[in-house]
Amino acid sequence: MLARAAMWNPSIFRRDGPLPLEQVIGEYIRYAIRYDNHTFNTKYCLCQMLREKLESPQGKKLHSAQSHREICEAFDSVEYYKETTAMLEARSAAEARRHHTDDQLEDTDVTTMTVRFDRRDYPPQITPKMFLLEWSRSEQLPQPVYETVQRPLDRFFRSTVTVANKKYRSTAWDKSKKLAEQTAAIVCLRTLGLPEGRIGEEESNLVKKRKREEKTECSGSAESAEESGHAANKRNHVLSTPESEVPR
């Protein structure tokens, strides 16, 4: 019950008593914009605060909002949204320029390329990391080592992969550590002129191996289903046999 009350009005813990809901909502929206909170988390919390007012014109605007700007429009905070996002974009651009300069000054031995990993470009269960690992094993090289860093400003990731004492990474930043590692593997494979498993490439031993495993699994499932069917038929036959015909 205490948690629900705090969700409806987070200011209930004030020593001097809770603040008016309109003031709390305004402050919450400003914090959400300033710190780039997830849009749908902001929307959910505001819906909990409005409660019975969700059927009002303002509540309906909030319910249909799909972005922070639309949320701000519902609460007459568009000017604050514009000013804050402009400030954040300027800060982000300055941070990106600084990172670009740092990249040029350090790690001059890293091979870079501007690429991104798109899952739709690859068959199911096939990834560039798998191809790179398979190739390293075939060449009797140590397993690829991935070093991933997170950018504090937007919490994006970038990974550097080391293969045969050489480093490779993309200049692009990704939304997750897994995507960043796949992107680094792509840079390495393309630099070395190796296949990466994209749809349309000539099938490698790895792809053929995966297909054989899938066929084996499918045939195993079919055999299990057939055996289950035979067992079920046998049980039905025993149950349908007249008692006079059952051997004693």
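Out of curiosity, is residue 75 within 24 Å of residue 183 (Cβ to Cβ), at pLDDT 90 or above, crowded, with 16+ Cβ neighbours inside 10 Å and aromatic (Phe, Trp, Tyr)? Break it down stepwise before answering.
Details: within 24 Å of residue 183 (Cβ to Cβ): no; at pLDDT 90 or above: yes; crowded, with 16+ Cβ neighbours inside 10 Å: yes; aromatic (Phe, Trp, Tyr): yes.
Criteria not met by residue 75.
Consider only pairs whose beta carbons are under 8 Å apart and that are at least six residues apart or on different chains; among these, list those whose first residue lies in region 71-92 and is free of Cβ contacts under 8 Å to residues at least 60 places away in the same chain and whose second residue is open to solvent by 30 Å² or more (accessible area, probe 1.4 Å) and among the hydrophobic types (A, V, I, L, M, F, W, C).
72/78
Here's the yes/no breakdown for (1) in a strand (DSSP E or B); (2) under 16 Å from residue 178 (Cβ atoms):
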site: 108; (1), (2): no, no
site: 115; (1), (2): no, yes
site: 123; (1), (2): no, no
site: 130; (1), (2): no, yes
site: 135; (1), (2): no, no
site: 140; (1), (2): no, no
site: 146; (1), (2): yes, yes
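Looking at region 2-36, which of the residues that are outside any helix (DSSP H, G or I) and at negative phi is farthest from the chain's Cα centre (by Cα)? Show your work before the answer.
From region 2-36, those outside any helix (DSSP H, G or I) are 9, 14-20, 35-36; that's our starting set.
Within this subset, residues satisfying the condition of being at negative phi are 9, 14-16, 18-20, 35.
Details: 9: 32, 14: 38, 15: 41, 16: 43, 18: 38, 19: 38, 20: 38, 35: 20 Å.
If we take residues in region 2-36 being outside any helix (DSSP H, G or I) and at negative phi, then 16 is farthest from the chain's Cα centre (by Cα).
Name the residue that is modelled with the highest pLDDT, counting only residues in region 32-72 that are open to solvent by 90 Å² or more (accessible area, probe 1.4 Å), under 17 Å from residue 6 (Cα atoms) and not acidic (Asp, Glu).
44
The values are calculated or read from the model by the stated rules, or taken from the named source; none is laboratory data. Bear in mind that the values here come from a model prediction, so they are computed numbers and not experimental data. Quick reminder, even Gly has a Cβ in these numbers, built from the backbone with ideal geometry, and neighbours come from all protein chains shown. Heavy atoms of the whole protein, side chains included, go into the accessibility calculation; ligands, DNA and RNA do not. Shrake-Rupley method; radii C 1.70, N 1.55, O 1.52, S 1.80 Å.
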